[in-house]
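Below is one structure, written out as structure tokens; the observations come after it.
The values are calculated or read from the model by the stated rules, or taken from the named source; none is laboratory data. Model, not experiment: these values are computed from the prediction. Positions of Cβ are generated from backbone atoms using ideal geometry, with glycine treated the same way; all protein chains shown enter the neighbour counts. Heavy atoms of the whole protein, side chains included, go into the accessibility calculation; ligands, DNA and RNA do not. Shrake-Rupley method; radii C 1.70, N 1.55, O 1.52, S 1.80 Å.
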Amino acid sequence: MGRSDGDHGSDLSADDSPWSEGSWSDDDDEGSLSFEDSGEGSDAESDEPDAPAVEESDSSEDEVAPRNTIGDVPLEWYKNEEHIGYDITGSKIKKRDREGRIEAYLRNADDAKNWRKIYDEYNDEEVQITKEEAKIISRLLKGKTPHTNVDPYPDYVDWFEYDGKGHPLSSAPEPKRRFVPSKWEQKKVVKLVRAIRKGWIKFDKPKEKPNFYLLWGDETDTADNKRQGLSFIPAPKPNLPGHEESYNPSVEYIPTQEEIDSYQLMYEEDRPKFIPRKFDCLRSVPAYEKALREGFDRCLDLYLCPRTRKKRINIDPESLKPKLPSKKDLRPYPRTCYLEFKGHNGPVKSLSVEATGQWIASGSSDGTIRVWEVETGRCIKVWNVGGVVHRIAWNPSPDRHILAAVVDHDLLLLNAEVGDEDAQMKTKGLLQIEELAQKEDNGDKKPAVKWVKHEKFDGIMLIHHKAVSTVEWHFKGDYFTTVVPMYSLIPAYVIQELYCCISSLRSIRIILSVNCQAFQLQQCFIQVYDLQKAQLVKKLESGVREISSISIHPCGDNVIVGSKDGKLCWFDTDLSTRPYKTLKNHSKDITNVTFHRKYPLFASSSEDCTAYVFHGMVYSDLNQNPLIVPLEILRGHSSSDGRGVLDCKFHPRQPWLFTAGADSVVRLYCD
């Protein structure tokens, strides 16, 4: 209270010191008055015998009529006008000039009665409350009765006398045993029931509801408008025109020429859409000539065009996006190219990282196999095998430095000649085929694989009856598998035992062993076998054109599959046989997918010269789905003969990614 024009409309608050203190003084022409409200209600005033009684009147004639006579008209209608309403004589009540906050503050600082002033928006004036009103407000803010002569807690007066008034009256309902049914009412009910059964009394049938409805009605939710077929849709109604849109508006609504010229200086979105103009009659309006035709066309459209109600749901597109964590919280992951391994003269088709992460092997179509040192990028060993290297795999055991490479049609086992002397001697002992006697089946049956000593590279050559397409090691390093075509359309895999040089043939395309399970890849689906029970467990349906690569999570419950149509499918084998997520990131064929053994990362490489890195967190709680977040797109390889990145492998211990490209370069990406 007590605010200037710039701060009108403030509410009374109990925190204001003049009201909350309970004591105040006011100096005016009548003298000085001070009081202290003791808060005792009527007792504070009842002790004064000479206090005059307050007479109140309910007559409306005693009330002071407001100066503004506009009634219940909202004051917002006069927001842009120079007056706020009309007085009792019909004259306009002009608005007062608005003061600034600084001027109002300086004026109120020197006025001691400022706290007793209230701004009346309805009459646009300041009202100074009286002393009696100040007392009433002070008591109301303290939660007391407005008048001091009112006793809020009067003594109870019992106006009734009853027997046993020492005990309270009982409000319990009457018991049912006191109810005596009426015999005459029972006979009357029996007669009515007999008359209804015999048809003497007939009830009025409900009135049939009319099938017609109001075409231009506004009541859309009534029962009359709900009928079979299309729901009722009211015809669109434009808003009624105002004074400005009249063909003969008042002079105050017609802008002057200066105002029309000022419209041209405004921005287009700020200009008024309609400028009022004045015409002598309705026929002079330019749109009057075509008004009848346009009205007929609109009615014809409403009659012939069927309208249906469409329920629109206003949904923020941002709310549909999944809430993913920030990339900064998911670090480390490979982001930038740290090192390049150059030396091949042809496309690098395969990569394999040693178990400790110190060395990496690469195979190229130029007929060479190279071993690189990861930290320095130095090439420490080169084998010129004289054929295209399709696939290369390093033994996962850290003390067996053996490389398995698919060269042309056969498989070659090489000694990588890295590590300490004990590991090299152990590796040479495993590759001594003269000391091992190969077991042959009795009879004329031809063996599946022929083990031959390779004199040039001091290794072993495995000669198959068909061309070998890929090779995979068991995670312990004791066994490895090779894929060969068994018949014209049926491929097969061969299980090789490293210690005894034993080979056995199975008619499955490819096998990867994780937790005693084998994953067989077909063109569009994957079959999962239990190796201990030797039976089919489940069949994973990918829904892609053709599967090109597969990788299994270290836990063994999740699988990612790459396809030749650029789609990457994530399977949760415990959840469903269909993909949990299908990602369409690459524009060309996916050449390889791989999981990281330690970090929650997986990557995919494609012939579009890119490699995508994802965050893939698998939780131990079966009720929580895996979290998949795209992290980075790795670029840098150039296209050669329409091919891009041919292979990708993660470092076994660090969040690093190796990529092999058709541009004969191997790249290392680090955080």
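In the stretch 107-130, of all residues being within 30 Å of Trp77 (Cβ to Cβ) and among the hydroxyl-bearing types (Ser, Thr, Tyr), the one that is most open to solvent (accessible area, probe 1.4 Å) corresponds to Tyr122. Figure legend. Inter-residue proximity from the stretch 264-283: first residues part of a loop (DSSP other than H, G, I, E, B), second residues of a type in the set (A, V, I, L, M), beta-carbon distance below 8 Å, spacing 6+ or different chains. Indicated pairs: Ile275/Ile260; Pro276/Ile254; Arg277/Ile254; Lys278/Ile254; Phe279/Val285. When Tyr253 is tested against the conditions (1) modelled with pLDDT of 85 or more; (2) out of contact with any Asp or Glu (no Cβ under 9 Å at 6 or more places or on another chain), the lone failure is (2).
Criterion first (within 21 Å of Arg667 (Cα to Cα) and among the small types (Gly, Ala, Ser)) does Ser604 satisfy it?
yes
Taking the criterion of being part of a loop (DSSP other than H, G, I, E, B), under 15 Å from Lys649 (Cα atoms) and open to solvent by 10 Å² or more (accessible area, probe 1.4 Å), the residues of the stretch 338-356 that qualify are Ala355, Thr356.
Listed here are the residues, each with its yes/no results for (1) under 25 Å from Pro347 (Cα atoms); (2) free of Cβ contacts under 8 Å to residues at least 40 places away in the same chain.
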{"position": "Thr582", "(1), (2)": "no, yes"}
{"position": "Thr610", "(1), (2)": "yes, yes"}
{"position": "His615", "(1), (2)": "no, no"}
{"position": "Ser620", "(1), (2)": "no, yes"}
{"position": "Gln624", "(1), (2)": "no, yes"}
{"position": "Gly642", "(1), (2)": "yes, yes"}
{"position": "Gln654", "(1), (2)": "no, no"}
{"position": "Phe658", "(1), (2)": "yes, no"}
{"position": "Val666", "(1), (2)": "yes, no"}
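Meeting the requirement of 1 or more residues that are aromatic (Phe, Trp, Tyr), the strands (runs of 3 or more DSSP E) wholly within the stretch 571-617 are 590-595, 601-606, 610-617. Only one entry of Arg391, Arg400 meets the criterion of being part of a strand (DSSP E or B) and either basic (Lys, Arg) or modelled with pLDDT under 80 (or both), and that entry is Arg391. Considering the stretch 465-482, and only residues there that are within 16 Å of Ile550 (Cα to Cα) and in contact with an Asp or Glu (Cβ under 9 Å, 6 or more places away or on another chain), the residue that is least open to solvent (accessible area, probe 1.4 Å) turns out to be Thr482. Taking the stretch 120-145 as the range and being more than 28 Å from Asn68 (Cα to Cα) and assigned to a loop (DSSP other than H, G, I, E, B) as the test, the residues that pass are Lys142, Gly143, Lys144, Thr145.
Output the residues belonging to the stretch 66-80 that are closer than 20 Å to Glu126 by Cα, surrounded by 10 or more Cβ atoms within 10 Å (Cβ to Cβ) and free of Cβ contacts under 8 Å to residues at least 40 places away in the same chain.
Thr69, Ile70, Tyr78
Applying the set (1) closer than 10 Å to Pro334 by Cβ; (2) out of contact with any His (no Cβ under 7 Å at 6 or more places or on another chain); (3) crowded, with 19+ Cβ neighbours inside 10 Å to Asp671 leaves exactly one unmet item: (3).
What are the residues in the stretch 312-362 that are among the small types (Gly, Ala, Ser) and not assigned by the TED database to the domain that holds Pro652, if any?
Going through the stretch 312-362, the residues among the small types (Gly, Ala, Ser) turn out to be 319, 326, 343, 346, 350, 352, 355, 357, 361-362.
Hits for the stretch 312-362 are Ser319, Ser326.
Restricting attention to the stretch 561-580, the residues that are within 21 Å of Lys349 (Cβ to Cβ) and open to solvent by less than 20 Å² (accessible area, probe 1.4 Å) add up to 5.
Looking at this structure, is His553 closer than 30 Å to Val484 by Cβ and buried (at least 21 other Cβ atoms within 10 Å of the Cβ)?
Here the answer is yes, as His553 does meet what is asked.
Working only within the stretch 611-649, note down all residues that are among the hydroxyl-bearing types (Ser, Thr, Tyr) and closer than 20 Å to Ile550 by Cβ. Listed by number, the list holds a single entry, Tyr612. Taken over the stretch 623-666, the criterion of being among the small types (Gly, Ala, Ser), outside any strand (DSSP E or B) and open to solvent by less than 20 Å² (accessible area, probe 1.4 Å) is satisfied by Gly644, Ala662.
Quick grid of which residues meet (1) under 29 Å from Lys450 (Cβ atoms); (2) open to solvent by less than 40 Å² (accessible area, probe 1.4 Å); (3) among the charged types (D, E, K, R):
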residue	(1), (2), (3)
Pro325	no, no, no
Gln358	no, no, no
Ser362	yes, yes, no
Val374	no, yes, no
Arg378	no, no, yes
Ala393	yes, yes, no
Pro396	yes, yes, no
Val407	yes, yes, no
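Do we find that Pro322 is over 19 Å from Glu417 (Cβ atoms), part of a loop (DSSP other than H, G, I, E, B) and touching a residue at least 40 places away in the same chain (Cβ under 8 Å) in this structure? No.
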